[in-house]
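Here's the structure we're looking at; comments come further down.
The values are calculated or read from the model by the stated rules, or taken from the named source; none is laboratory data. Remember, predicted model here, so these are calculated numbers, not experimental data. When we count neighbours, we look across all protein chains shown, and the Cβ atoms used for this are built from the backbone with ideal geometry, even at glycine. For accessibility, only protein heavy atoms count, side chains too; no ligands or nucleic acids. Shrake-Rupley method; radii C 1.70, N 1.55, O 1.52, S 1.80 Å.
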Amino acid sequence: MRGKLIEETTDTGGALTGPVGGLLRRTSASVLRTLLPTCCALCGQGGDDTLCADCAAQFFGAAVAAARCVCCANPLPGALAPAQHGEQFCACKQQHGPPARRLCGLCAAHPPAFDATLTAADYATPVDQLVLQLKFGHRLALAALFARLLRDAVSRQPGFALPALICPVPLGPRRLAERGYNQALEIARPLARGLGVALHPRLTARVRETTAQSSVAPEQRRRNIAGAFAVPDAALVRGRHIGIVDDVMTSGGTLDELAATLKRHGAARVSNLVFARTPPR
Ligand SMILES: [Zn+2]
Ligand SMILES: [Zn+2]
């Protein structure tokens with residue numbers, strides 16, 4: 001029964017294998033491109049991909065993912081990007097190794113319940129518009145793009161330990177009925193496939209409807225989200241590294257509460273995979 005609940009995501013996507021299968025796949029992909037011409041989701045420029053190379057470099061390039069706190073993914077002030085501190089000489093004329101894994105002051109002083117956070121972009125114009133289109137505009141095709149960009153961010157972060165199992169931040173039944181889908185699950189599904197990690201959509205549950213954290217005053221957010229989550233089957237969590245997927249991380253309060261709930265049920269480690277991170281004020 002437990003096995004049935006887990007969506008195994010290591011399939012290769014169907015039976016089209018070998019040279020004939022490859023030709024069929026390429027042909028159907030090019031026919032689809034002709035019938036449904038794609039354009040860049042950010043600038044609208046026509047092309048073969050949902051994101052043009054210029055926008056990919058500008059908003060999701062290595063510089064965006066660089067020099068962030070390993071715990072909460074906030075930018076580290078004064079830190080140099082890996083490209084500057086990679087195998088090349090930096091301004092101080094010294095050759096450095098990879099940048100040290102560093103914590104921001106807030107995580108050092110008050111460690112959250114999660115252990116790591118990885119993000120693909122800053123939650124800022126124009127990326128925020130994409131997030132809103134997925135969340136409220138039913139543009140579900142964007143979830144695959146977000147998953148690909150998150151997977152790219154994982155591959156740019158060599159020290160990032162892959163979780164054993166990933167799950168989305170759960171929505172309550174009322175919110176799920178209103179929206180019709182959980183945008184975090186829509187991202188988690190292709191992300192799990194891309195990373196070769198098992199997905200468990202119902203590893204955690206929301207047992208209490210909460211007011212959206214964005215519309216609650218910062219000092220009331222902890223109380224708003226406290227006790228909102230449950231772990232229906234602790235045996236799935238015990239001793240394992242769990243990855244939590246969400247579209248946006250703002251204060252981190254929701255992810256902190258969810259990680260604390262998972263740790264209370266025995267999770268060994270919790271890592272967040274969030275598409276976009278709100279920059280600190
Ligand atoms: Zn573009
Ligand atoms: Zn931090």
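List pairs: first in the range 211-222 and under 21 Å from R277 (Cβ atoms), second part of a loop (DSSP other than H, G, I, E, B), Cβ under 8 Å, 6+ apart or cross-chain?
As it stands, the answer is Q213/T250; Q213/S251; S214/T250; P218/S251; R221/S251, since those pairs meet every condition given.
If you scan the range 217-232, which residues turn out to be in contact with a helix residue (DSSP H, G or I) (Cβ under 8 Å, 6 or more places away or on another chain) and among the polar types (S, T, N, Q)?
Within the range 217-232, just N224 meets the criteria.
Restricting attention to the range 253-266, which residues are farther than 16 Å from Q183 by Cβ and either outside the structural domain of L199 (by TED's automatic domain parsing) or open to solvent by 10 Å² or more (accessible area, probe 1.4 Å) (or both)? Write out each step before concluding.
At the first step, the residues of the range 253-266 found to be farther than 16 Å from Q183 by Cβ are 253, 256-257, 259-266.
Across the range 253-266, the qualifying residues are G253, D256, E257, A260, K263, R264, H265, G266.
Give me the residue from the range 162-207 that is open to solvent by less than 50 Å² (accessible area, probe 1.4 Å) and among the charged types (D, E, K, R) and, out of that set, modelled with the lowest pLDDT.
R179
Looking at (1) buried (at least 19 other Cβ atoms within 10 Å of the Cβ); (2) in contact (Cβ under 8 Å) with a residue 40 or more places away in the chain; (3) of a type in the set (A, V, I, L, M, F, W, C), which is the one condition that is false for V231?
In the conditions (1) buried (at least 19 other Cβ atoms within 10 Å of the Cβ); (2) in contact (Cβ under 8 Å) with a residue 40 or more places away in the chain; (3) of a type in the set (A, V, I, L, M, F, W, C), V231 misses (2) alone.
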